[in-house]
Amino acid sequence: MNETTTIEHDVADLGLAEAGRLRVEWAERSMPVLRQIRERFAAERPLEGVRVSACLHVTTETANLMLTLQEGGADVLLCASNPLSTQDPVAAYLVTRDIKTFAVKGEDNDRYYDHIRAALAHQPSITMDDGADLVGAIHMLALDRYDDLAPGIREWSTGLPAGELDAILQNVVGSTEETTTGIIRLRAMAADGILRFPVMAVNDSYTKHMFDNQYGTGQSTLDGILRATNMLLAGSTVVVAGYGWCGRGVATRARGAGAKVIVTEVDPLRGLEATMDGFQVMPMSEAATRGDLFITLTGDIGVLRREHFEAMRDGAIVANSGHFDVEIDIPALEEVAEEGPHELRPYVEEYVVNGRRIVLLGRGRLINLASAEGHPASVMDMSFANQALAAEYLQRHGAALTAEVHRVPVEMDREIARLKLGSMDVEVDSLTPEQESYLSSWDQGT
Ligand code: ADE
């Protein structure tokens, strides 16, 4: 494969491109819905000339999404949405496919934001986010909140010729958002009245959260923990913090592997649901004394705190699968520990608290992407079908949409489910005319 390129990039090693190609093509086999969209995009070119900047986890599945957008005519730039989630061979391969790629596994904060700066400098009319970092940077710039910007972005923006920054910011027609945490941030922006353009909430599609968040997170979180530690789940006590779609996926898979599962929640409805699903539910203060493995998936800050570390058993393992690395209070762990961190294996660090060992995985970052490969391609197929269709929708209708968080139209959601079922050789029934008429009337059947 040709390793010289004029495409803008910052990746670990272009020599990894061939290994990346094999991995991307392997994932593509399990992405039949995205493949069909790609074929249509190649014929119809709905994104001809559109500049797209995507800030997503740089994985084999994301590569297939980027190539789909490119087939649709888009000029695509991709940067990482997390410093630890990049698959370096995939990043290298994308450069050889003329996707401007900025992502290096293990990049520090400065490099991470330099890459977001590159995504802004691309002058996108459509942006894609997983966690709202790119849209967040656009809004901080638009609001002149320079103190809240990373130094690299601040310096770049102040050095631009007069009017150029405004032109970049005004160019954005709309964005898509992949994850629950990003949607929460974006809704808060809309509520504050500062959201500048429409955002398509890909996460809120049924064909995204019911499958990616539940089955994808359920499997890949345990995959990451097992690859990092090789621990036995059967017979161990696993504490799952948060019983949203992701938490219920992890709790169910851990139970399936023979673990005794405890769920902690703050929402009484979810706590009730977890109880009736057969899990033990209790406050973290109590669960902390019982768990062998703790997994946070709440989207909130400080879920495992000083008092919990002080109560944990010797050898307790703590991991996070929520979007940001804020769920485990690592500064508190470092403060309370008399020893550590000692690196035992890649992404496995030990602290000693009151003479008891506590093992932190993946530096508190998304363990499924830090230590494994993220969700399997088969589930990302639907998530990224939503992304591709949402981009097309924004291109067609973005100018007419309000600056709010919008759902992907439900017909698109259904179409993705229909295509996925078709690829699995599964058929569902259709309503008879009599059933249709019954469902649309109020005066039959009395
Ligand atoms: N988020 C979780 N798993 C992912 C994957 N495989 N690719 C992109 N984003 C992800």
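The values are calculated or read from the model by the stated rules, or taken from the named source; none is laboratory data. None of the values given here were measured: they were computed from a predicted structure. FYI the Cβ positions are ideal-geometry reconstructions off the backbone, even for glycines, and counts take in every protein chain you see. Protein only, heavy atoms only, side chains kept; ligands, DNA and RNA dropped before computing areas. Shrake-Rupley method; radii C 1.70, N 1.55, O 1.52, S 1.80 Å.
Whenever you get a sec, line up Thr298, Thr6 from highest to lowest accessible area (probe 1.4 Å, protein heavy atoms).
Working: Thr298 60, Thr6 140 Å².
Sorted descending by solvent-accessible area, the residues read Thr6, Thr298.
If I model a spin label at Glu18 and Glu48 as a point 7 Å from the Cα along the Cα→Cβ vector, what separation in nanometres do I get?
Taking the simple label geometry, Glu18 and Glu48 are separated by 3.8 nm.
Which cross-chain or sequence-distant (5 or more) residues have an amide H under 5 Å from the amide H of Leu56, H modelled 1.01 Å from N in plane?
Placed amide hydrogens put Cys79, Ser81 under 5 Å from Leu56.
Can you give the FRET efficiency to the nearest 0.05 for Ala403 and Ser441, using r as the Cβ-Cβ distance and R₀ = 51 Å? Working shown, then result.
Values: r = 39 Å, r/R0 = 0.76.
The pair Ala403/Ser441 has a calculated efficiency of 0.85.
Taking R0 as 22 Å, what FRET efficiency do you get between Val426 and Arg29 from their Cβ-Cβ distance, rounded to the nearest 0.05?
Numbers: r = 18 Å, r/R0 = 0.84.
Working from the Cβ atoms, E equals 0.75.
If one computes the Cα centroid of the range 240-262 and of the range 376-397, what distance in Å separates the two points?
The range 240-262 and the range 376-397 have Cα centres spaced 28 Å from each other.
For the range 1-140, what is the convex hull volume of the alpha-carbon atoms per residue, in Å³?
Numbers: hull volume 14.4 nm³, N = 140.
Convex hull volume per residue, Cα atoms: 103 Å³.
Output the Cα-based Rg and Dmax of the chain in Å, rounding Rg to one decimal and Dmax to a whole number.
22.6, 74
At 37 °C and 0.692 mPa s, grab the translational diffusion coefficient of the range 329-387 from Stokes-Einstein with a Kirkwood Rh over Cα pairs, rounded to a whole number in µm² per second. Please report the intermediate quantities before stating the final value.
Values: Rh = 13.3 Å.
My calculation gives 247 µm²/s for D.
Quote the charge dipole size of the chain about the Cα centre in Debye, to the nearest 20; the model charges only the Cβ of Lys and Arg (+1) and of Asp and Glu (-1).
Numbers: 39 positive and 67 negative charges, 122 e Å.
Taking the Cα centre of the chain as origin, the dipole is about 580 debye.
Which far-off residues, 5 or more places away or on another chain, put their amide H under 5 Å from the one on Arg51, with H placed in the peptide plane?
Asp75, Ser125, Ile126
Which log10 I(q)/I(0) values does the range 336-446 give at q = 0.10, 0.17 Å⁻¹ under the Debye formula, counting every alpha carbon as one identical point scatterer?
-0.65, -0.97
Based on the Cβ-Cβ distance from Asn354 to Glu334, what FRET efficiency comes out when R0 is 22 Å, to the nearest 0.05?
Details: r = 15 Å, r/R0 = 0.66.
So the FRET efficiency works out to roughly 0.90.
Please check which bits of the range 118-147 a label hung off Thr158 would reach, taking the label as a point 7 Å along Cα-to-C-beta and the cut-off as backbone N under 13 Å.
Label zone hits: 145-147.
What's the longest bit of the chain with no exposed GluC sites (Glu not before Pro), using DSSP loop states and at most 10 other Cβ atoms within 10 Å as the test? Walk me through the numbers on the way to the answer.
On the way: sites that count: Glu338, Glu427.
Counting only loop sites that pass the neighbour cut-off, the longest clear stretch is 1-337.
Binning every alpha carbon pair distance of the range 78-155 at 10 Å from zero, what are the percents per bin?
19, 52, 26, 4
Run the dipole for the range 74-208 about the Cα centre, Lys and Arg Cβ at +1, Asp and Glu Cβ at -1, nothing else charged, and hand back the magnitude in debye, nearest 20.
240
What's the Cα-based Rg to Rh of the range 129-206, Rh via Kirkwood?
Values: Rg = 13.1 Å, Rh = 13.2 Å.
In the range 129-206, Rg relative to Rh is 0.99.
Between His342 and Asp300, what length in nm is gained on full extension when 0.36 nm per residue of separation is reduced by their alpha carbon distance?
Working: separation 42, 0.36 × 42 = 15.12 nm, distance 2.68 nm.
Taking His342 through Asp300 to full extension adds about 12.4 nm, to one decimal.
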